[in-house]
Amino acid sequence: MNDLSRLAIHTMTTKPWDLPTACAKYSAAGVPGVGLWREWLEGRPLEESRRMLEDHGLRAVSLVRSGFYPYLNEAEKQAACDDNIKALDEAAAVGAPQVVLVCGAKPELSLPENRRHITEGIASLIDHAASVGVKLSIEPLHPMYADCRSAVNTVGQCNDMIDQLGDEWVGIAADVYHIWWDPQLAQEIKRAGKRIIAFHVCDWMTPTKDFLTDRGLMGEGCIDNRGIRRLVESTGFDGPIEVEVFSTRHWARDQDAYLSDIIEAYKEHV
């Protein structure tokens, strides 16, 4: 992927940089897209963040993250609804076309109950998503997170939910870190078709020192990023390719050198 026109980098990937620094560095390196984590919007008006992106020739490709729908009481249910509405409004304000959903899970609930809460929670947001013109992008998470981070763990489960919800305002964010292992991946991506509206890349380190913060750059681990990209593109997907790396090892590095390595890894392995 020598052409960088589809490259986007999540602000969490270069965690030590604040938004002004990330915008300046990404723009200077020829990176056109930004996956905005909501923490990077704090402390300034949303209009200012949008102007900052525009002034650097950048576009927000996604807002990360919302979701966390399962609840143990009505107060938790309402709080999740309020935060999801807020996220949709934030995405619209900064020009992001989608909000990435980490759907949540409560270990006190059964998996079917968690998934029912998630489906109902997303359904309750569709009208607002349509009113602000922002899509809801379900990100299936690796099953190691099924206890408390997300009870949605495969592209197939996303497809089953969207069969119920409709796909006009609901889609799928396919992150290689979470889906690379799935023996049904090819057939479920084919089934998803136009529902794939986001594609995230990184790598799985072996041995993994931490399941959250030891991701690798593409080519450092065992994920076939290029092969999965081709699977996703076979659906007609031609949108941004978002680099999302959680790595204490890479965050501790010189971030300018790290950004250069991100771009080289994207060219070589995606």
Summed residue charge, Cβ within 9 Å of residue 95's Cβ, Lys/Arg positive, Asp/Glu negative = +1
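Give me the percent relative contact order of the chain, please, defined on Cα pairs under 8 angstrom at least 6 residues apart.
Value for the chain: 18 percent.
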Summed over the other residues with a beta carbon less than 11 angstrom from that of residue 52, with K and R at +1 and D and E at -1, the charge totals -2
Each label point is 7 Å from the Cα along the Cα-to-Cβ direction; what then is the distance between the points at residue 85 and residue 212, in nm?
-> 2.9 nm
Extension gain, residue 230 back to residue 42 (0.36 nm per residue minus Cα-Cα distance, nm) | 64.1 nm
Cα centroid separation, the stretch 99-116 to the stretch 163-217 (Å) = 17 Å
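Quick one: net charge around residue 78, please, counting Lys, Arg +1 and Asp, Glu -1 for every other residue with C-beta under 15 Å from its C-beta. Walk me through the numbers before you get to the answer.
On the way: positive: 77, 86; negative: 74, 76, 82, 83, 120.
That works out to -3.
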Antiparallel DSSP bridges in the chain: what percent, to the nearest 5?
-> 10 percent
Dipole magnitude of the stretch 170-270 about its Cα centre (Cβ charges: Lys, Arg +1; Asp, Glu -1), debye to nearest 20 | 420 debye
Area accessible to solvent at residue 148, 1.4 Å probe radius, in Å² | 80 Å²
Counting only protein heavy atoms, what percent of the accessible surface of the chain is carbon or sulfur at a 1.4 Å probe?
-> 50 percent
Provide the per residue accessible area, probe 1.4 Å, for the chain, rounded to a whole number of square angstrom.
-> 41 Å²
Lys/Arg +1, Asp/Glu -1 at C-beta; the stretch 1-120 dipole; positive extreme among 110, 78, 58 = 58
So who's got an amide H within less than 5 Å of the one on residue 243, skipping anything under 5 residues away but keeping other chains? H placed 1.01 Å off N, in plane.
-> 8, 9, 10, 201
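The values are calculated or read from the model by the stated rules, or taken from the named source; none is laboratory data. Keep in mind it's a predicted model, so treat the numbers as computed, not measured. Note that we place each Cβ from the backbone using ideal geometry, even for glycine, and neighbour counts take in every protein chain shown. Surface accessibility is based on the protein's heavy atoms, side chains included, excluding ligands, DNA and RNA. Shrake-Rupley method; radii C 1.70, N 1.55, O 1.52, S 1.80 Å.
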